[in-house]
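Encoded as structure tokens, the structure appears first; notes follow it.
The values are calculated or read from the model by the stated rules, or taken from the named source; none is laboratory data. Note that the structure is predicted; figures quoted are calculated from it, not measured. Here the Cβ positions follow ideal geometry from the backbone for every residue, glycine too, while neighbour counts run over all protein chains shown. Surface accessibility is based on the protein's heavy atoms, side chains included, excluding ligands, DNA and RNA. Shrake-Rupley method; radii C 1.70, N 1.55, O 1.52, S 1.80 Å.
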Amino acid sequence: MADQLQDVIQRWRKAVVEDGLRPEDHELFQNAGLVYINQGDTTQLLDFIQDEKNQGIVESMGCGLLASLVAEALKKKKSSSTCQAIITHLAETCSPMELMLIFLGQVDDLHPDLIADTIVLMAPHLQTVLLRLGEEKAPWVGLALAALQKQVSRLPVPYTKEQEVEDAYGLCRCCSALARFMEPFVEEVKRRDNSEDGGTASDNQLKTELLKFCMGSLREPLLQAQLDQAIDIHKQSPLWHFATDILATLPAIQEPLPGLLFYKALKKREESGLLTDSTEAQESRACLAYMLFVQFIAIESFPAVFSPVFVLQCNMEYIDLLLSRKKESFLLKGLELYTKSLERVEDNSLPVELLDLKSFYSVPQHLVQILTVCPILHLRERGFKVLQLFIDKLGPEAKHKFFRCMIKTSCHAGVEGYIIKNIKNQIELSLKPGHENEWFMGIQVLPLLRLVLCFPRGPETDLLNSMDRVMESLNLLRYLLMRDMDWQQTSSIWPELFKIKEDYLKMLRVCLALSRAYYAGQVKNMREDKKIQAQEAREARGALVQTMTVKNKVSDMTPEMHYQVLQCALVTFDLMESLVIRIEEISEEKVKTGTAV
């Protein structure tokens, strides 16, 4: 048998020289190699592959063994290292074009359990083959990066640091392997850019492929990853290092960070498939902005000439995108980017014209959704902080316009109450010497007060659901009446304010009467139901259960909880009424003393 095999090998050596290898020779070579691999005798196969006399055979037919060698190496048996050595030799010997087709086929549609191991195994060999392609490598580099990235995007992203350390699905290992995979191509681009000849068309294509990969990596996995520079573990964090490598690569391939973030890409980018207005591209740039301005990765590469207001204006587009999503990682990054962008802006400086921009309208609307719908407490807390920070940065006229917009559009009593409290604070500040401004102490404040001190639904207003807004409105009205001397000295709006007050309190009394009657009737009905149920329970045990089941089909609340809500409503109405009485007393005192017109 051995003699027959030697005869075949001798014939192959001759056929290689004479260019006479037949299809059956390829099949026979592949079958023989498979026998060695399946039997675990890969050492003998390695000796054959490395034999100088057999290099022509290996170069012509060695590619046929790659798929089996990769599968064997992934089994992590004793023969794994030998299989790796054989793959390395084949990558350095066989036709690079043929190798690329086989390697790309191997990384396509992998089983999820094999993604990480396959990428870590094959990335170095892919790199070897690509470097052999010379000037023809650029499109193949793009294909390889796209294929690898497609598989990596299928892996779950670790969200906590504990998950990242565990790396159960191998994403972190893949990121480290991809970073090493890119290095020689990035260095080649840098070397060519520094040469006297400059870059060729092939160099420009290589830059484009590297840029595509970097922008894709920003979106997946980095946009979903937890990157926190305040945690010491980031020094050993593969995802942190991967993010650092990506942001270091962009300037290295002559892609200025401000150009990627703030300006539309050149037409040639659009032709190459980098659609700058696509959702994917926007997500990539949003992650880039987050890593620059929140985590300060590569911030030293970002010029300091841009004003804080300009940076905020540009970042609002990315903040809008992040806050429009439902995932915690997106919302958290959006809130953090919003906070950091605002912190650099001077208080009371944002001009009113900014509020005409779409993002400056939609971002507060997303904030309202977070404050009122989001079930995650720490996101709601961050949302309140950044909303107040934004209000603090607005100029007087911008505050005035923003308050009007929020009162009209928020459709939530809690948010409206929060805005009304801010209006009161601004009026109070404007009445202090040195802080006067016409928007909160002159005739301009009247449209704002008309919006606040009204009931859009008239007598049908549910005072219990509107409690936050009504209570803050009453506190504001009481404050205005108590400071009437300041108003008379600084403006002539008191007569109009007095009229607004009269109309507001008149409607509030109607609403209070209707709401009190309704909720008092509900309490009375529940008390009567309890008496009836108690009587029925005494007459026939078990009837109570059925009765309560029927009555609670329309609500998740127990009768006890429902009763407590009704009692709370009546207490709230008493509190509102006490404020109304106090406001009336203040008003009457002003009339008697002649301080009110």
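Here are the numbers for this structure:
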| item | result |
| --- | --- |
| Those residues of region 501-535 which are under 29 Å from residue 477 (Cβ atoms) and either among the basic types (Lys, Arg) or touching a strand residue (DSSP E or B) at 6+ places or on another chain (Cβ under 8 Å) (or both), in sequence order | 501, 506, 509, 516 |
| Residue 153 vs. criteria touching a Pro at 6+ places or on another chain (Cβ under 8 Å), among the small types (Gly, Ala, Ser) and either closer than 22 Å to residue 204 by Cα or open to solvent by 20 Å² or more (accessible area, probe 1.4 Å) (or both) | yes |
| Residue in region 543-559 that is assigned to a helix (DSSP H, G or I) and at pLDDT 70 or above present | yes |
| Residue match in region 445-466 (condition: open to solvent by 50 Å² or more (accessible area, probe 1.4 Å), over 26 Å from residue 348 (Cβ atoms), polar (S, T, N, Q) and in a loop (DSSP other than H, G, I, E, B)) | yes |
| Candidate set: region 291-325, residues that are open to solvent by 50 Å² or more (accessible area, probe 1.4 Å) and in a helix (DSSP H, G or I); chosen: the one nearest to residue 352 (Cα to Cα) | 313 |
| Residue match in region 21-39 (condition: within 44 Å of the chain's Cα centre (by Cα), farther than 21 Å from residue 141 by Cα and in contact (Cβ under 8 Å) with a residue 24 or more places away in the chain) | no |
| Which numbered condition residue 433 misses (of (1) in a helix (DSSP H, G or I); (2) over 28 Å from residue 578 (Cβ atoms)) | (1) |
| Count of region 57-87 residues which are modelled with pLDDT of 90 or more and loosely packed, with under 14 Cβ neighbours inside 10 Å | 0 |
| Residue match in region 100-119 (condition: of a type in the set (Ser, Thr, Tyr) and touching a helix residue (DSSP H, G or I) at 6+ places or on another chain (Cβ under 6 Å)) | no |
| Residue count for region 405-419, restricted to those that are surrounded by 18 or more Cβ atoms within 10 Å (Cβ to Cβ) and either part of a helix (DSSP H, G or I) or on the phi > 0 side of the Ramachandran plot (or both) | 8 |
| Among (1) in contact (Cβ under 8 Å) with a residue 40 or more places away in the chain; (2) over 21 Å from residue 155 (Cα atoms); (3) surrounded by fewer than 16 Cβ atoms within 10 Å (Cβ to Cβ); (4) not aromatic (Phe, Trp, Tyr) - the single one residue 46 does not satisfy | (3) |
| Sole residue being more than 23 Å from the chain's Cα centre (by Cα) and at pLDDT below 95, chosen from 376, 427 | 427 |
| Any hit, region 189-211, residues being more than 26 Å from residue 113 (Cα to Cα), open to solvent by less than 40 Å² (accessible area, probe 1.4 Å) and under 23 Å from the mean Cα position of the chain (by Cα) | yes |
| Region 572-591 residues that are surrounded by fewer than 17 Cβ atoms within 10 Å (Cβ to Cβ), paired with ones that are small (Gly, Ala, Ser) (beta carbon under 9 Å, 6 or more apart) | 589/596 |
| Within region 54-95, helices (runs of 4 or more DSSP H) holding 2 or more residues that are over 18 Å from residue 27 (Cα atoms) | 66-74, 80-93 |
| Residue list for region 212-252, restricted to those being surrounded by fewer than 20 Cβ atoms within 10 Å (Cβ to Cβ), modelled with pLDDT of 90 or more and among the β-branched types (Val, Ile, Thr) | 244 |
| Of residues in region 382-404 being basic (Lys, Arg) and open to solvent by 60 Å² or more (accessible area, probe 1.4 Å), the one farthest from residue 444 (Cα to Cα) | 382 |
